[in-house]
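The values are calculated or read from the model by the stated rules, or taken from the named source; none is laboratory data. Everything quoted here is computed from the prediction, not taken from an experiment. Please note: Cβ atoms are built from the backbone with ideal geometry, for glycine as well, and neighbour counts cover all protein chains shown.
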Amino acid sequence: MINRRQSRLRRAADLLLVALTAPLWAPILVVLAALVLVTSGRPILFTHDRVGLHGDTFAMRKFRSMKNGDNPIIPDPDRITAIGRILRRTSLDELPQLMNVLEGSMSLVGPRPMLPSQLSSLTAEQRRRLHVLPGLTGLAQINGRNALSWDERFDHDMAWVDAPTLRAYATILSKTATTVLSGDGVTGHDANDPFVLHAVDEPQIDLVDTPANEHAGFDSITERAA
């Protein structure tokens with residue numbers, strides 16, 4: 001049973017923390033956007049459909065880090081830009097997701113949002129992760145990140161779903177800074193992982209040679225095929 005009071009408190013904490021830290025992250029966001037524009041051109045942001053609360057889809061935002069589109073699961077090393085490598089290594093490519101937090105499609109803390117194509121692979125137990133907002137960081141991110149297997153990631157996700165307390169929320173946020181600075185687990189998932197392969201099999205249309213789409217007010221360089 002989801003505690004609605006706890007959900008409201010976490011939402012209030014999200015808004016308060018994002019507002020209080022805006023003088024820190026807003027200038028960084030502007031500088032990084034300028035760097036991506038100068039080194040890689042438009043579009044600056046990469047948006048991708050992800051699954052949020054109750055299974056609703058939303059456009060998750062990231063700084064573009066690849067020359068010809070972004071693969072969110074298995075990035076092509078040959079197409080990652082110089083600034084993109086830095087953004088990925090420091091996780092600063094995720095900074096635009098603060099806008100997702102402000103609009104309410106994400107929280108600062110929660111399970112990382114999934115691809116729509118991955119939903120069919122979830123067990124009934126794993127689908128409980130859809131009972132909470134996806135997060136910018138979570139238990140899996142401070143306990144191994146991408147170095148974890150999908151089963152291990154789901155175990156951490158379920159632990160958060162079962163006890164999404166403000167104390168755990170604060171602990172995860174405090175440990176996230178250390179994890180990001182260390183770079184632990186930042187490398188991608190195992191390409192042979194069936195869960196990854198299932199997501200990668202979903203067709204995409206590369207729009208590099210065509211006018212960029214406008215998605216929720218932001219440029220997008222790929223869109224999912226119907």
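Brief remarks on what is shown
- Applying the criterion of being part of a helix (DSSP H, G or I) and modelled with pLDDT of 90 or more to the residues of region 54-82, the residue that is surrounded by the fewest Cβ atoms within 10 Å (Cβ to Cβ) is 54.
- Region 34-53, subset assigned to a helix (DSSP H, G or I) and farther than 19 Å from residue 136 by Cα, residue modelled with the lowest pLDDT: 40
- Restricted to region 150-161, and to residues there that are under 17 Å from the mean Cα position of the chain (by Cα) and not basic (Lys, Arg), the residue that is surrounded by the most Cβ atoms within 10 Å (Cβ to Cβ) is 157.
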